[in-house]
1. Considering only region A:156-167, state which residues are in a helix (DSSP H, G or I) and either more than 7 Å from chain B (Cβ to nearest Cβ) or closer than 21 Å to residue A:266 by Cβ (or both).
2. Residue by residue through region A:5-37, note down the ones that are in a helix (DSSP H, G or I), modelled with pLDDT of 50 or more and either within 7 Å of another protein chain (Cβ to nearest Cβ) or within 20 Å of residue B:160 (Cα to Cα) (or both).
3. Mind checking whether some residue in region C:167-178 is within 14 Å of the chain's Cα centre (by Cα), farther than 24 Å from residue C:84 by Cα and either in a helix (DSSP H, G or I) or touching a residue at least 12 places away in the same chain (Cβ under 8 Å) (or both)?
4. If a residue has to be within 14 Å of another protein chain (Cβ to nearest Cβ), assigned to a helix (DSSP H, G or I) and surrounded by fewer than 16 Cβ atoms within 10 Å (Cβ to Cβ) to count, how many in region A:190-235 make the cut?
5. Counting residues that are in contact with a strand residue (DSSP E or B) (Cβ under 6 Å, 6 or more places away or on another chain) and surrounded by 16 or more Cβ atoms within 10 Å (Cβ to Cβ), which helices (runs of 4 or more DSSP H) fully inside region C:191-283 reach at least 3?
6. Take the residues of region A:168-188 that are surrounded by fewer than 19 Cβ atoms within 10 Å (Cβ to Cβ) and in a helix (DSSP H, G or I): which is farthest from the other protein chains (Cβ to nearest Cβ)?
7. Taking the residues in region B:106-119 that are at the interface with another protein chain (Cβ under 7 Å from one of its Cβ atoms) and free of Cβ contacts under 8 Å to residues at least 24 places away in the same chain as candidates, determine which candidate is nearest to residue C:54 (Cα to Cα).
8. Check whether at least one residue in region C:289-310 is surrounded by 15 or more Cβ atoms within 10 Å (Cβ to Cβ), farther than 24 Å from residue C:226 by Cα, under 31 Å from the mean Cα position of the chain (by Cα) and not assigned by TED's automatic domain parsing to the domain that holds residue C:223, and report yes or no.
C-alpha cells in the first residue's frame with residue numbers, strides 16, 4: 001500500500017506556484033462568518049451616538065472655551081474669539097476658586113474618607129454578623145445607592161428639616177436648619193450615605209478573596225485581630241483601596257446632587273464645581289466662560305481616569 | 001507556651017463590653033442608613049404626613065391626590081418614554097457593536113475599546129453639560145424627549161459595550177462555528193444561536209441602562225423646558241422647590257411611585273442573573 | 001465517493017505563524033483517519049481548515065473530488081463535532097439534533113421525526129426533552145454525534161472527541177465510536193493528542209509536528225516502524241529505548257558498538273550501507289526488549305534500579321553503561337532491585353536511526369525518509 005508524506009523542506013511560494021497552487025490572502029476568522037464589512041456596520045450606530053454626544057462635545061469645549069459665547073445678546077449670534085481670557089477670568093474669579101476648593105473638600109470628605117471608611121467598615125464588620133442582620137444592613141446601604149437622586153435628595157431635605165426633621169427630633173435640636181447653617185458638612189454626610197454601597201461591595205469582594213488559609217496561619221501563630229488585619233488582610237486589599245478611592249473620587253467630583261439639596265447655597269457656600277458650572281453657564285448664560293471651566297473639569301477627569309487605568313493595568317500584570 | 005488561666009472576671013467583662021459596643025455600633029450604622037429611607041416607607045401612607053419619620057395613620061388618599069395632579073402621571077409616562085427609549089438604543093447598539101468587536105478582528109479594536117472606556121469616565125454629564133446643551137440647541141433638539149434619550153444613550157453606550165464584549169468573549173465560539181458548519185448563514189447564526197445565548201447579558205444591560213436613565217436628573221433638567229415633557233426626576237424636584245410650602249402628601253406618594261420601579265428592577269435582576277459589579281457598572 | 005485530498009495545504013496566520021505547512025495527504029473514502037500530534041502541531045488547525053472555519057493561505061483541498069478550498073463552511077457537506085460538543089444550551093436534545101435539518105429548510109414535523117430516528121439509533125430517545133445542561137458527558141457526546149449524523153454529511157470531523165470524558169468512560173466511548181463509524185461507513189477525520197487513542201481507533205493515521213506530517217500509515221506500521229525519532233518517541237505507552245551506538249565492522253557485516261558492548265545489527269537494517277563510525281540510535285521498545293537475570297550473548301549488562309508495577313506486567317529500569325534501559329517483563333518474573341540483569345533487543349523488532357537526521361535506516365536501497373513514496377509493509 002503506497003502512501004504519501006509531506007516534503008521534508010518547507011515548500012516556499014515558488015515551489016507551490018510551480019505545482020500550480022495559488023496563494024490566497026488570509027481574511028476574517030470570525031465565528032459566524034460576518035465578515036469585516038458587516039462587522040463594521042454593526043459598530044457604526046454605537047460609534048455615531050458616542051461620537052455625537054461624547055466625543056464631539058468634549059472636543060467642542062476646546063473651541064467654545066476660547067469664545068465669548070452667550071445664550072442671548074450679540075455674543076449669541078456672533079461669538080468672538082477671546083483667547084484664554086475665559087481661563088484668566090476663571091482663575092481670577094473668587095467664586096470659581098471657592099467652588100474648586102469646596103469640590104476638593106467634598107471629594108476628600110465624602111469619598112476619600114467618608115465612603116471608603118464607611119464602606120470598608122461595614123464590609124469588615126458584617127462578616128462576623130448573623131446572615132439576616134448582614135442581609136438587612138447591605139440592603140439598606142444598597143437602597144441608598146440605587147434610588148433616584150431627586151428622591152434621596154428630598155429624603156434628606158425632610159430628614160434635615162428645621163422644625164420637623166427626624167434628625168432634629170432625635171438630637172433634640174429643633175430650629176437648626178442644617179442645610180442652611182452647615183451646608184458643606186450636610187452634603188458631605190449625604191454623599192457618604194449615598195455612595196457607601198459601592199465601596200462596601202468592592203471591599204466585601206476583596207475581603208472574600210483573602211485566602212482563609214493565610215488568616216488561619218496568622219491566627220495559629222498567635223496574631224490578634226488587628227495584627228491579622230495589618231499583616232494578612234491589608235496587603236491583599238491595598239491595591240483595591242487605591243483604585244476604589246480614585247474611582248469614587250472621580251464620580252464624586254462629577255456629582256450634581258448638591259444642587260438638588262442646596263442649589264449651591266446659601267450664598268455659594270456649597271457651590272461645588274458642577275453646580276457652579278450650571279449656575280454660571282446655563283443659568284446665567286455665560287456659555288463661553290462655562291465651557292472654559294468645563295474644559296478644566298474634563299482635564300481633571302482625564303488625569304484621574306488615566307491614573308486609575310494605569311493602576312488597573314499594573315495590577316493586572 | 002503561656003498557660004491559659006480560666007477566664008478571669010475582668011476578661012469576661014471586657015469581652016461583654018466589646019460585644020455590646022459592637023452591636024451598638026451596628027445599630028448606629030443601621031439607623032444612619034435606615035432613618036432617611038423610612039420616611040419613604042411610612043409617609044406616603046400617612047393621613048397627616050410630616051417631614052419626620054413616624055408611624056402612619058394608614059390611608060391611600062395621598063395616592064388619590066397624586067392621580068389628580070396633572071404633572072405627576074404624565075411625568076411618569078415621560079420617564080417611561082425617555083428611559084425606555086434610551087434602554088432600547090443602548091441594548092441594540094451595544095449588542096451589535098459588542099458582538100462585532102468580540103468576534104471580528106477589526107483594525108484598531110483594542111485602542112477603540114480603551115478609548116471608549118476612558119471617554120465615558122471623562123465626559124460625564126456635568127463636565128459636558130455646556131457643550132451638550134449648545135449642541136442640542138443647534139440641532140433644534142432642546143425640549144425634545146427623544147433628544148434626552150439620545151444623550152443618555154450616548155453616555156451609557158461605552159460601558160455597555162465594554163461589559164457586553166466581555167460577556168461575548170466569555171461565550172465559546174464553538175456554538176456559532178458549529179451552526180455555521182451545518183450550513184447556517186451568518187444572520188441565521190445570530191438569530192438562532194447568539195441572541196438566545198446572550199439573553200442574560202442583554203437583560204442585565206437593559207435593566208442597568210433603564211435604571212440609570214430612569215434616575216437621570218441633569219440631562220432632562222437642562223434640555224427640557226416644557227413641564228409636560230419633563231420626566232419624574234425633574235418633576236419631583238419642581239414639586240419640592242417651587243411653590244412655597246412643600247406638598248407632602250403629593251411629594252411622598254410621588255417619590256414612592258417614582259422609586260419603586262428601580263427597586264423592583266434591581267430585585268429582578270439580582271434574583272435572576274446575579275448582579276455583578278465591574279467597578280463602574282452603576283455610576 | 002468522499003475522499004479527502006489536500007495538496008500543499010498551508011495556513012499561515014497574520015503575524016507569521018505557520019500552523020499548517022504545505023501538507024499533501026489523501027484520505028480514502030470511508031476511512032477512520034486520525035491526526036495525532038502534540039499540542040501546537042497544527043492538527044486542530046488542519047481539521048478546522050477542512051471544515052472551512054480557517055481559510056487556507058495556500059494549497060488545494062478536495063472533498064469527494066470537489067474543490068472546496070474557498071467554499072464557505074456551510075457548503076462543504078462536512079459535519080464537525082467540537083471538543084466541547086457545542087450543544088446549543090437553549091434548545092432541547094430534539095431541537096439540537098434537528099438543527100441541521102432546520103437549516104436545510106425541512107418542515108417541522110419531518111425534521112423532528114428524523115431527529116427522533118437518529119436519536120433512537122444512539123439510544124437517546126428518552127432524553128429528547130432534556131436540555132444539554134441536564135445531560136451527562138457521555139450523553140452530551142452522543143447527542144453531538146446524533147446531530148452530526150442527522151446532517152448526513154460526506155465527512156465527519158471530530159476534534160478531540162474523547163478528551164472531555166473521564167477515564168473510564170473514555171475507553172467505552174472509544175469502542176463505541178469505532179463501531180459506529182464502521183457501521184456508518186462515513187469518512188471520518190479525528191484529532192487527538194493521545195497516541196493510544198489514535199492507535200486503537202484509526203484505520204490510518206498521520207503523526208504531525210510543527211505543521212508538517214512526520215509519518216502516515218496504519219497504526220501497526222507506525223507502531224512497529226516509526227520512520228523517524230520524533231515518531232518513535234511519540235508513539236507507545238512506554239517510550240522506546242533509544243540508545244546511542246556506533247557502527248563498526250562495516251566490511252565484514254556491520255555490528256553496533258554501545259560503549260564497550262557489542263550488539264548485532266538488527267534485522268531491519270542488516271545489509272544496508274552504513275559507514276564505520278557512523279553514529280546511530282538503536283531503538284528497542286521496552287515491550288520488545290528481553291530481560292534476563294542470567295548472562296546472555298549479544299546483550300547489555302547492567303543493574304536493576306527501578307521496578308514499576310503495571311498490573312499484569314512490570315516496567316523494569318536497568319542502568320547499563322551510564323544510561324537507563326527499560327524492559328517490560330511479565331508478572332512473576334520481576335527482578336529485585338540491585339540485581340544484575342541482561343537486556344536483549346529483539347532481533348526482528350529493533351530499529352536503527354541515524355543520529356545526524358533522526359531517520360530510520362530501513363530495508364531499502366537508501367535510508368527511509370519522508371520525501372519518498374514507499375512501501376513499508378514489505
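1. Once the filter is applied, which keeps residues that are in a helix (DSSP H, G or I) and either more than 7 Å from chain B (Cβ to nearest Cβ) or closer than 21 Å to residue A:266 by Cβ (or both), region A:156-167 yields A:156, A:157, A:158, A:159, A:167.
2. Residue satisfying the conditions is A:36 alone.
3. Within region C:167-178, not a single residue is within 14 Å of the chain's Cα centre (by Cα), farther than 24 Å from residue C:84 by Cα and either in a helix (DSSP H, G or I) or touching a residue at least 12 places away in the same chain (Cβ under 8 Å) (or both).
4. Qualifying residue count for the region: 5.
5. Numbers: elements: C:195-201, C:219-224, C:229-234.
Ranges flagged: C:229-234.
6. Looking at residues that are surrounded by fewer than 19 Cβ atoms within 10 Å (Cβ to Cβ) and in a helix (DSSP H, G or I), I get A:184.
7. Taking the candidates together, the pick is B:106.
8. Taking every residue of region C:289-310 in turn, at least one turns out to be surrounded by 15 or more Cβ atoms within 10 Å (Cβ to Cβ), farther than 24 Å from residue C:226 by Cα, under 31 Å from the mean Cα position of the chain (by Cα) and not assigned by TED's automatic domain parsing to the domain that holds residue C:223.
The values are calculated or read from the model by the stated rules, or taken from the named source; none is laboratory data. Predicted, not measured: the structure shown is a model, and the values here were computed from it. Ideal geometry is used to build each Cβ from the backbone, glycine not excepted, and the neighbour counts take in all protein chains shown.
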